[in-house]
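Working notes, structure below.
The values are calculated or read from the model by the stated rules, or taken from the named source; none is laboratory data. Only a predicted model underlies this, so the values are computations on that prediction, with no experimental measurement involved. Cβ placement follows ideal geometry from the backbone for every residue including glycine, while neighbour counts extend to all protein chains displayed. Heavy atoms of the whole protein, side chains included, go into the accessibility calculation; ligands, DNA and RNA do not. Shrake-Rupley method; radii C 1.70, N 1.55, O 1.52, S 1.80 Å.
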Amino acid sequence: MRTPLLALPLLASAACGGGGGSQRTVAAGPTVTLALDGPAVTDADATTLAGTTSSAAGVVEVTGGGVQAASNDGFATFTLALPLQLGDNAFAVVARDGRGRSRSATTPTLRRETELLTQITASALDPTGALGLVAGNGLPSRLFHVDAQDGARALLSDATRGSGAAFGGFQQLVFTADGKSVLAATINPSSIFVVDARTGDRTQLARAVTFSSGLAHDPVRARAVYTDNFFASTVRAVALDGSGDKVVSDGADGKSPPLDRPGAVAYDPDEDAYLVVDFATDTLLRVDADDGNRKLLTDFADAGSGPIVANAGEIALDAASRALYVHDVSSGAITRVDLTSGKRKLAFDPDPKFGPLPEFLDGLHFEASSGDLIGSTESHFIRYDLVTSERTELARVVVGEGPAFDSSMPFLVHDGVRRELLFGTSALELRAVDLTRGDRLDRVAARFGLDSFNDAVIRADGDTLIHFAPSAASLVARDLDTLEATPVSGGPIGGGPPFNFPTELALDEEGQRCFVVDSSGTRVLTVALASGDRSQLAAAGDGRSVALSIVIAIEWDPVTGRVLLLDAAQPGVIAVDPDSGERTVFADVDDGSMPSVPRGLACLDAGSRSLYATDSNFPVRVVRVDLDDGSRSIVTDETMGRGPRLLSISAIACDPAGRRLFVHDGTTGQLLQIDTASGDRIILSR
């Protein structure tokens, strides 16, 4: 996808000879000017740089990022295809002339993110064909260019790109007729924005929009037209220069046909009128742009006019053919309405044999250049071929293949040997996430006797997963190659207190023991893995100086040989001597270090001497606790780190080698990777 050329003239530095002795004039080396012919933030693995050079001796070579530039005019002009790594990228582009002199210019920072667009809430198509699609992202609210051919995405406007007030959540999007601006109806704030389609600059119009079910551009009157069916049944218009808004047509005016619950709207340039779908009366109306008078075009419930549209949703106008396409939310079918006669015919059969069948669309657009329709759902774009009636997937915002994540994740562990993350599901399955592709893979299903999942730990060699089998009231070791499980402790194996609702686990590999949070968090047991024997290490009400209430997280620190606990009632981190059971408060809330330690999930990275604790209360965040001095720092939250916003955390795991964290967001159903140095978040799998 080509986005508008962003000119970035850059100062070039010369590499030329110097020296002592008498002064002499040294001819300058070649000049280099660069321009980024693409987005500064993208999820593509490469971007194109354009530039010019000049030199009296002639430029013979231009390189950057280990790549040779392409030119057909002796490098007077050139293009350079630069590979992008995840994160920030900057390149020195070097031009060398015929005398061996060189000069370089440095590109601006180019950022590649794994998945910029995470949830499509609205979309629009440029009627001029120059800029393709735009799509609104759910959280955080961001506006993207989307290539209508290959689905490539690039950031257009958000808090980091473009000036103006911040967006709310997107309800509707539409391009202006000239393709220069995008109109966006949002909530929180409830308003309409005018967004420059090239710079991303935002202008917020004055009127607060209660709820918009449809949005259109009226180029004749230079206004945004929207439907409001929350507190009123109206078609309204707001001037794009912010000079005011007005009611165009009001359902309370007593005129016929009625306007009860206006929804999707489109501007019809041939009639200079608005086409409005009424959800309540199942009709398509033509509304006069000046006096608001209404005319019935078709009754979707009248079988005599064509196929019944049970629940009309998004619409797309083909003005040249005098046709309107209407998506039926109930069946997934798309019906063509002849705007002259009002007759209807089926344009797209809902039969799945014709391709992916979305029930709900949040955008439907007619692409004049191809004669196709393009629809958007929360997770993907679909191209509808009007000639073959086939539907094909254009682009997805999911990452990786395989079964979707649950809203909850009982445990998440990092398998460094297989480069996977292992996690449990509420469907009693053991699954894995490939850390390279993000694919979600089945490992062990319920037939292997996984009747519940609470927590699990993995041995460093990656061969064995230790977890609970509650029906047998035992701790088991599962071979990850054969998937066979061997009871380790519980039932007839080992002596000591029986397990009673175990919830959390920690592993001391050197000591060949596990520490188990048991009895719904009110006690901690030590399990000898060789014999299976169990003994009580700590419990609520055991009379120790540091009281326990409900333990919600447990980790083993192999460097200091301590068991670390997070307790629902005790602030800070509780350190427990594994032999004597003595407890002390570590990283106390009163030690002067901020922030306080969250009382949530945790994972430990012994190599960096870090305990990472999560807080799913607002603001959702991850806090690092230094295991040597107890100091704390925020790793990532709303203000720290870039990337998708965290809404909740249901599981966390550490990668000691990669200095990164993995968290599962139960609200968005995605697995995120967090850079522990920058706090940046990228979607690993969704």
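Can you pull out every residue in segment 79-106 that is assigned to a loop (DSSP other than H, G, I, E, B) and touching a residue at least 12 places away in the same chain (Cβ under 8 Å)? Break it down stepwise before answering.
To start, the set of residues in segment 79-106 that are assigned to a loop (DSSP other than H, G, I, E, B) comprises 84-86, 90-91, 98-101.
LEU84, GLN85, LEU86, ALA90, PHE91, GLY98, ARG99, ARG101 - these are the residues of segment 79-106 that are assigned to a loop (DSSP other than H, G, I, E, B) and touching a residue at least 12 places away in the same chain (Cβ under 8 Å).
Need pairs with beta-carbon distance below 7 Å; first residue under 17 Å from ASP372 (Cβ atoms) and within segment 335-357, second acidic (Asp, Glu) and outside any loop (DSSP other than H, G, I, E, B); sequence gap 6+ or separate chains.
THR335/ASP328; PRO356/GLU393
Here's the yes/no breakdown for (1) within 21 Å of GLN149 (Cα to Cα); (2) out of contact with any helix residue (DSSP H, G or I) (no Cβ under 7 Å at 6 or more places or on another chain); (3) not β-branched (Val, Ile, Thr):
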position: LEU324; (1), (2), (3): no, yes, yes
position: HIS327; (1), (2), (3): no, yes, yes
position: GLY332; (1), (2), (3): no, yes, yes
position: VAL337; (1), (2), (3): no, yes, no
position: ASP362; (1), (2), (3): yes, yes, yes
position: GLU367; (1), (2), (3): yes, yes, yes
position: GLY371; (1), (2), (3): yes, yes, yes
position: ILE374; (1), (2), (3): yes, yes, no
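What number of residues in segment 662-674 are touching a residue at least 60 places away in the same chain (Cβ under 8 Å), of a type outside the set (A, V, I, L, M, F, W, C) and either under 15 Å from ARG111 (Cβ atoms) or open to solvent by less than 30 Å² (accessible area, probe 1.4 Å) (or both)?
4
Being assigned to a loop (DSSP other than H, G, I, E, B) and at pLDDT 95 or above is the filter here; which residues of segment 215-256 pass it?
Within segment 215-256, the first condition is being assigned to a loop (DSSP other than H, G, I, E, B), and the residues that meet it are 219-222, 229-233, 240-244, 254-256.
Within segment 215-256, PRO219, VAL220, ARG221, ALA222 qualify.
Under 8 Å between Cβ atoms, which residue pairs at least 6 apart in sequence (or on different chains) link something in segment 117-142 that is hydroxyl-bearing (Ser, Thr, Tyr) with a partner that is modelled with pLDDT of 85 or more and assigned to a loop (DSSP other than H, G, I, E, B)?
So the pair list comes out as THR121/ASP362; SER123/ASP362; THR128/ASP178; THR128/GLY179; SER141/ALA166; SER141/PHE167.
Tally the residues that are at pLDDT 75 or above and part of a loop (DSSP other than H, G, I, E, B), restricting the search to segment 430-458. Walk me through it before giving the result.
Residues of segment 430-458 that are at pLDDT 75 or above, as a first pass: 430-435, 439-442, 455-458.
This time we only want the ones that are part of a loop (DSSP other than H, G, I, E, B), so: 435, 439, 455.
Number of matching residues: 3.
Are there any strands (runs of 3 or more DSSP E) wholly within segment 336-383 with 1 or more residues that are open to solvent by 30 Å² or more (accessible area, probe 1.4 Å) and either over 19 Å from ARG153 (Cβ atoms) or in contact with a Leu (Cβ under 9 Å, 6 or more places away or on another chain) (or both), and if so which? Steps first, answer last, please.
Details: elements: 344-348, 363-367, 372-376.
Passing ranges, in order: 344-348, 363-367.
Can you run down the residue pairs with Cβ atoms below 7 Å, 6 or more apart or on separate chains, where the first is in segment 316-333 and without any contact (Cβ under 8 Å) to a residue 24 or more places away in the chain and the partner is of a type in the set (Val, Ile, Thr) and surrounded by 17 or more Cβ atoms within 10 Å (Cβ to Cβ)?
Filtered contacts from segment 316-333: ALA323/VAL337; ASP328/VAL309; ASP328/THR335.
Every residue, every condition in (1) more than 26 Å from VAL195 (Cβ to Cβ); (2) in contact (Cβ under 8 Å) with a residue 24 or more places away in the chain; (3) surrounded by fewer than 22 Cβ atoms within 10 Å (Cβ to Cβ); (4) not basic (Lys, Arg), yes or no:
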residue	(1), (2), (3), (4)
THR227	no, yes, no, yes
PHE230	no, no, yes, yes
VAL235	no, yes, no, yes
GLY254	yes, no, yes, yes
LEU259	yes, yes, no, yes
VAL309	yes, yes, no, yes
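In segment 257-274, what residues are closer than 24 Å to SER321 by Cβ and assigned to a strand (DSSP E or B)?
Of everything in segment 257-274, those that are closer than 24 Å to SER321 by Cβ and assigned to a strand (DSSP E or B) turn out to be GLY263, ALA264, VAL265, ALA266, TYR267, ASP268, ALA273, TYR274.
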